[in-house]
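All remarks here apply to the structure that follows.
The values are calculated or read from the model by the stated rules, or taken from the named source; none is laboratory data. The shown structure was predicted, so the numbers you read here are calculated from the model rather than taken from an experiment. Positions of Cβ are backbone-derived with ideal geometry, glycine not excepted, and every protein chain shown enters the neighbour counts. Side chains are part of the model used for accessible areas, which takes the heavy atoms of the whole protein and leaves out ligands, DNA and RNA. Shrake-Rupley method; radii C 1.70, N 1.55, O 1.52, S 1.80 Å.
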Amino acid sequence: MKSKADRLYKLAESQQGYFTSGQAVACGYPTSSHVYHMKRGSWLREGRGIYRLARFPASDDGQYVRWALWSRNRQGVPQGVISHQTALALHDLSDLMPGRIHMTVPPGFRRNSAIPEVLVLHRGEVVDGDVEVRQGYRVARPLKAVVDLLDDPVVSAGHLRQALREGLERGLIARAEMEAHPRAKALKRLLRKERP
């Protein structure tokens with residue numbers, strides 16, 4: 001039988017070292033012990049109810065896991081999907097360098113506290129077929145990210161065209177998928193250098 005430390009490590013490993021207080025409790029760590037583990041230096045507090053194992057190496061995209069865990073509902077299930085400009089950057093499909101993390105959350109998403117400055121929340125439904133699951137977080141697939149930005153005046157048509165062309169060339173976007181999309185006409189106009 002695995003020890004509670006092994007259970008927590010296995011769970012945290014699947015989330016790039018991150019875990020929630022609820023997940024720690026489920027692994028056998030009572031809430032009263034959490035401060036002890038922080039003071040001892042084995043857990044690092046990354047946000048309200050969010051920790052990271054100190055011995056776990058930090059990763060570049062660990063920040064996305066942190067914000068996915070921040071977006072969890074009362075059942076502890078993350079609601080947010082990394083999207084829009086941030087998704088294109090994660091797929092390495094444009095020269096966009098977003099200064100904030102874009103995340104799509106369900107229309108009814110609520111938080112008791114203020115939304116952190118680092119986040120830009122977009123409200124909408126994201127179906128499973130539009131999502132790629134990564135280690136500890138979900139990110140919008142390339143076609144979804146481009147479609148989400150079609151009507152965004154902040155992002156240039158050139159950036160979107162670049163993302164769409166590279167996505168098609170690298171096989172990240174299937175031409176049949178693009179042509180079957182409800183916004184197919186707008187996507188084709190974009191490829192022809194016209195703003196949809």
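Residue-wise test of (1) open to solvent by less than 40 Å² (accessible area, probe 1.4 Å); (2) in contact with a Phe, Trp or Tyr (Cβ under 8 Å, 6 or more places away or on another chain); (3) more than 13 Å from GLN85 (Cβ to Cβ).
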| position | (1), (2), (3) |
| --- | --- |
| ALA145 | yes, no, no |
| VAL155 | yes, no, no |
| HIS159 | no, no, no |
| GLY167 | yes, no, yes |
| LEU172 | no, no, yes |
| LEU187 | yes, no, yes |
| LEU190 | yes, no, yes |
| LYS193 | no, no, yes |
Next item on the list: Considering only the range 143-175, state which residues are within 22 Å of SER59 (Cβ to Cβ) and in contact with a strand residue (DSSP E or B) (Cβ under 9 Å, 6 or more places away or on another chain).
Entry: ALA145
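So that you can scan it fast, the table gives a plain yes or no per residue for (1) open to solvent by 30 Å² or more (accessible area, probe 1.4 Å); (2) outside any loop (DSSP other than H, G, I, E, B); (3) closer than 30 Å to LEU149 by Cα:
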position	(1), (2), (3)
MET1	yes, no, no
LEU44	yes, yes, no
VAL65	no, yes, yes
GLN75	yes, no, no
THR104	no, yes, yes
PRO107	yes, no, yes
PRO116	yes, no, yes
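I'd like to know if the range 179-193 contains one or more residues that are under 30 Å from GLY17 (Cα atoms) and assigned to a loop (DSSP other than H, G, I, E, B).
No, because not a single residue in the range 179-193 is under 30 Å from GLY17 (Cα atoms) and assigned to a loop (DSSP other than H, G, I, E, B).
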Notebook entry, point to check: Only one of these conditions is not met by SER33: (1) part of a strand (DSSP E or B); (2) of a type in the set (Ser, Thr, Tyr); (3) more than 19 Å from GLY80 (Cα to Cα). Which number is it?
Noted result: (1)
Check: Which one of these does ARG74 not meet: (1) closer than 25 Å to LEU190 by Cβ; (2) more than 16 Å from the chain's Cα centre (by Cα)?
Finding: (1)
Notebook entry, point to check: Hey, any hits in the range 29-38 for a residue that's over 20 Å from the mean Cα position of the chain (by Cα), open to solvent by 40 Å² or more (accessible area, probe 1.4 Å), among the aromatic types (Phe, Trp, Tyr) and modelled with pLDDT of 95 or more?
Noted result: yes
Margin query: So, in the range 86-102, exactly how many residues are open to solvent by 20 Å² or more (accessible area, probe 1.4 Å), within 14 Å of GLY167 (Cα to Cα) and either in a loop (DSSP other than H, G, I, E, B) or in contact (Cβ under 8 Å) with a residue 60 or more places away in the chain (or both)?
Written below: 2
Check: Which condition does GLY124 not pass, out of (1) out of contact with any helix residue (DSSP H, G or I) (no Cβ under 7 Å at 6 or more places or on another chain); (2) of a type outside the set (Phe, Trp, Tyr); (3) within 22 Å of HIS181 (Cβ to Cβ); (4) surrounded by 15 or more Cβ atoms within 10 Å (Cβ to Cβ), if it passes all the others?
Finding: (4)
Next item on the list: Report yes if some residue within the range 56-63 is within 22 Å of ARG100 (Cβ to Cβ), acidic (Asp, Glu) and either touching a His at 6+ places or on another chain (Cβ under 7 Å) or open to solvent by 60 Å² or more (accessible area, probe 1.4 Å) (or both); otherwise report no.
Entry: yes
Next item on the list: Determine, yes or no, whether GLN15 is open to solvent by less than 80 Å² (accessible area, probe 1.4 Å), under 22 Å from ARG134 (Cβ atoms) and in a loop (DSSP other than H, G, I, E, B).
Entry: yes
